[in-house]
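Q: I am attaching a structure below and will ask some questions about it afterwards.
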Amino acid sequence: MTTTTPLRCKCRRQAETSLRCARCSVPICPDCSVVVAVGMICRDCARGGPNKLHQVSAGSFALATAACLGASLLGGWILVSYVLSFGYMSLWAGFLFGLAIGEIALRITGRKRGLKLELLVGISVAAGIAGGVAIEALIHPELDIVTRHLTHPLDYVLLALAIVAAVGRIRNI
């Protein structure tokens, strides 16, 4: 049998509660909550001000940047070297690639969202695919890989689809 400690209200520490703010997810009791159209929120969220869901600490943003760029570089290289030869089926891989990069950013930042994270994942996906083309060109210099990828329209569709999937994952969690 598992026992969990009861949640305590953010304002009144002695009050046990199972209610959380609909905006910032802090524990609140019914006496400290404010009823709004989306449910009950804490007094801090009711006052307005910056949304806590969009406030990412500098450390977690730096960690998310490193992880997204590293994962997108590896994923971009795999997409360019192996998956693009599957034709239109590679679009599914590009979509899943974008979702994966968005999910990495969400998990590292504690499910935060906002314009900064949308830009991070969009730029990471684009840099990862461009880096994948560069890595493949370095591995196989005898093939004209850069020209082939710059002139193939399916590559641009895959890039756009991956960026839309990554940004959409951040925006619509």
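Q: When you look at Ala71, is it surrounded by 15 or more Cβ atoms within 10 Å (Cβ to Cβ), in contact with a Lys or Arg (Cβ under 9 Å, 6 or more places away or on another chain) and closer than 12 Å to Val125 by Cα, yes or no?
A: Against the criterion (surrounded by 15 or more Cβ atoms within 10 Å (Cβ to Cβ), in contact with a Lys or Arg (Cβ under 9 Å, 6 or more places away or on another chain) and closer than 12 Å to Val125 by Cα), Ala71 does not qualify.
Q: If you go through segment 27-39 one residue at a time, how many are aliphatic (A, V, I, L, M) and crowded, with 18+ Cβ neighbours inside 10 Å?
A: Going through segment 27-39 one residue at a time, the tally reaches 1.
Q: Is segment 117-132 home to any residue that is surrounded by 13 or more Cβ atoms within 10 Å (Cβ to Cβ) and either at pLDDT below 90 or of a type in the set (Asp, Glu) (or both)? Break it down into steps so the answer makes sense when it comes.
A: Filtering segment 117-132 for residues surrounded by 13 or more Cβ atoms within 10 Å (Cβ to Cβ) gives 117-118, 120-132.
Filter once more, so that each one left must be either at pLDDT below 90 or of a type in the set (Asp, Glu) (or both): 118.
Yes: segment 117-132 contains one or more residues that are surrounded by 13 or more Cβ atoms within 10 Å (Cβ to Cβ) and either at pLDDT below 90 or of a type in the set (Asp, Glu) (or both).
Q: For segment 35-50, which positions are without any contact (Cβ under 8 Å) to a residue 24 or more places away in the chain and on the phi < 0 side of the Ramachandran plot?
A: Val35, Val36, Ala37, Val38, Met40, Ile41, Asp44, Ala46, Arg47, Pro50
Q: Considering every residue within segment 57-76, establish whether at least one is closer than 30 Å to Arg23 by Cα, at pLDDT below 95 and outside any helix (DSSP H, G or I).
A: Yes: segment 57-76 contains one or more residues that are closer than 30 Å to Arg23 by Cα, at pLDDT below 95 and outside any helix (DSSP H, G or I).
Conditions tested, residue by residue: (1) of a type in the set (Asp, Glu); (2) farther than 15 Å from Ala67 by Cα; (3) part of a helix (DSSP H, G or I).
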{"position": "Met89", "(1), (2), (3)": "no, yes, yes"}
{"position": "Trp92", "(1), (2), (3)": "no, yes, yes"}
{"position": "Gly98", "(1), (2), (3)": "no, no, yes"}
{"position": "Gly102", "(1), (2), (3)": "no, no, yes"}
{"position": "Glu118", "(1), (2), (3)": "yes, no, yes"}
{"position": "Gly128", "(1), (2), (3)": "no, no, yes"}
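Q: Just one of (1) surrounded by fewer than 20 Cβ atoms within 10 Å (Cβ to Cβ); (2) at pLDDT 95 or above; (3) under 13 Å from Leu158 (Cα atoms) trips up Gly98, so point out which.
A: Single failed check for Gly98: (1).
The values are calculated or read from the model by the stated rules, or taken from the named source; none is laboratory data. Here the structure is a predicted model, which means the values were calculated and not measured. Positions of Cβ are backbone-derived with ideal geometry, glycine not excepted, and every protein chain shown enters the neighbour counts.
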